[in-house]
Amino acid sequence: MKVSYHPGYVVPLPEKHAFPMGKFSALHEILLAECVIAPEDVMTPREADWSDLLLVHTREYLDALATSTLTRQAERRMGLPQSPGLWRRSRLAVQGTMNACLAALTDARGLAGNLAGGTHHSHPEGGRGFCVLNDVAVALISLQRAGWLRRALVVDLDVHQGDGNAFVFGGERAWPRGGVYTLSLHGAKNYPFVKPPSTRDVPLADGTGDDEYLATLAHHLPLALRESDPDLVVYLAGVDVLADDRFGRLSLTREGLAVRDRYVCETVRASGVPLCLLLSGGYATRGARADRRTSAHDTADLHATVFREALSAYGLR
């Protein structure tokens, strides 16, 4: 399975920052150690071009990011401290998603991923919720413009609704005009508190567990696939749905997470549509009572679930 990764996905953060930045390098190490990927499977992205970023984001926002001149309020809303390293890291991750989507479209098995990405809270004019640039929106619109695809389905199973994706692919780009169908299963009372409408929103009550969650997914995913008739599925496999996630409020078990990821991969494979895997959110509870490295490794091990299950679903091991 081809995956995008760059050591520049990791940049320094202040001590005790809530975001487990080290999860990206830790995930890379875990997948190599388990032979889920081989060194030759890794695609090293460059920084995304401004011309692609401007398909989604305003020039004013990009200029401020590039020069580290965001207002204090904008930086606080983004949730990450601005820096030249963060600007570079975010552009690398966007290109990583673009490369992974293209690899999925051109690979004989129709499967690829990015060991980052799924930054679904980022809006055209600013970052939000630990999301700096909207990799999904940039990748899909760029690939549409280049003629690689007409329609795409975004399956967003992060616990938080993808308000950035919903906003970008709403309005004039709303389905079916824009060609991108957004499915979101998320905590009804969780962040963001203002939720622009996705094509198909499925709000879940606090404490929703494995059985109810999986039954709900099994109802909505086939409908979304049928209604969207996509050329590509982009799966945001957030692991913050777990019961012990710091910001989650749902109650899935680790076993339930594996079943979820296996179901998505098997269902998409059976449909014959290429699949691109992205991380999205995850914040292991142990980070609140252990060192940052432990928290990042725990979170990375959870993110590894979707890559393990994809290999099984696609008969690659």
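The values are calculated or read from the model by the stated rules, or taken from the named source; none is laboratory data. All values reported here derive from a predicted model rather than from experimental measurement. Cβ atoms come from the backbone with ideal geometry, glycine included; neighbour counts cover every protein chain shown.
Summary of values
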{"quantity": "Yes/no for Thr119 being surrounded by 24 or more Cβ atoms within 10 Å (Cβ to Cβ), in contact with a Gly (Cβ under 7 Å, 6 or more places away or on another chain) and at negative phi", "calculated": "no"}
{"quantity": "Selection status of Asp49, of a type in the set (D, E, K, R), more than 27 Å from Leu316 (Cβ to Cβ) and surrounded by 14 or more Cβ atoms within 10 Å (Cβ to Cβ)", "calculated": "yes"}
{"quantity": "Sole exception among (1) in a loop (DSSP other than H, G, I, E, B); (2) of a type in the set (A, V, I, L, M); (3) within 18 Å of Leu279 (Cα to Cα); (4) more than 17 Å from the chain's Cα centre (by Cα) for Val194, by number", "calculated": "(3)"}
{"quantity": "Pairs with Cβ under 7 Å, 6+ apart, first in region 239-264 and assigned to a strand (DSSP E or B), second acidic (Asp, Glu)", "calculated": "Leu252/Asp210"}
{"quantity": "Every residue from region 216-234 that is closer than 20 Å to Val138 by Cβ and among the small types (Gly, Ala, Ser)", "calculated": "Ser228"}
{"quantity": "Any chance Ala38 is in contact (Cβ under 8 Å) with a residue 12 or more places away in the chain and over 19 Å from Gly282 (Cβ atoms)", "calculated": "no"}
{"quantity": "Any chance His57 is at pLDDT 95 or above, surrounded by 19 or more Cβ atoms within 10 Å (Cβ to Cβ) and in contact with a Phe, Trp or Tyr (Cβ under 6 Å, 6 or more places away or on another chain)", "calculated": "no"}
{"quantity": "Qualifying residue in region 207-223 (condition: farther than 27 Å from Pro274 by Cα, touching a Lys or Arg at 6+ places or on another chain (Cβ under 8 Å) and not in a helix (DSSP H, G or I))", "calculated": "yes"}
{"quantity": "Tally, over region 1-22, of residues that are of a type in the set (Gly, Ala, Ser), within 20 Å of Leu302 (Cα to Cα) and not in a loop (DSSP other than H, G, I, E, B)", "calculated": "1"}
{"quantity": "Residue in region 85-127 that is nearest to the chain's Cα centre (by Cα), counting only those that are in a helix (DSSP H, G or I), of a type in the set (Ser, Thr, Tyr) and closer than 22 Å to Val10 by Cα", "calculated": "Thr97"}
{"quantity": "Residue count for region 171-190, restricted to those that are buried (at least 18 other Cβ atoms within 10 Å of the Cβ) and either hydroxyl-bearing (Ser, Thr, Tyr) or more than 16 Å from the chain's Cα centre (by Cα) (or both)", "calculated": "8"}
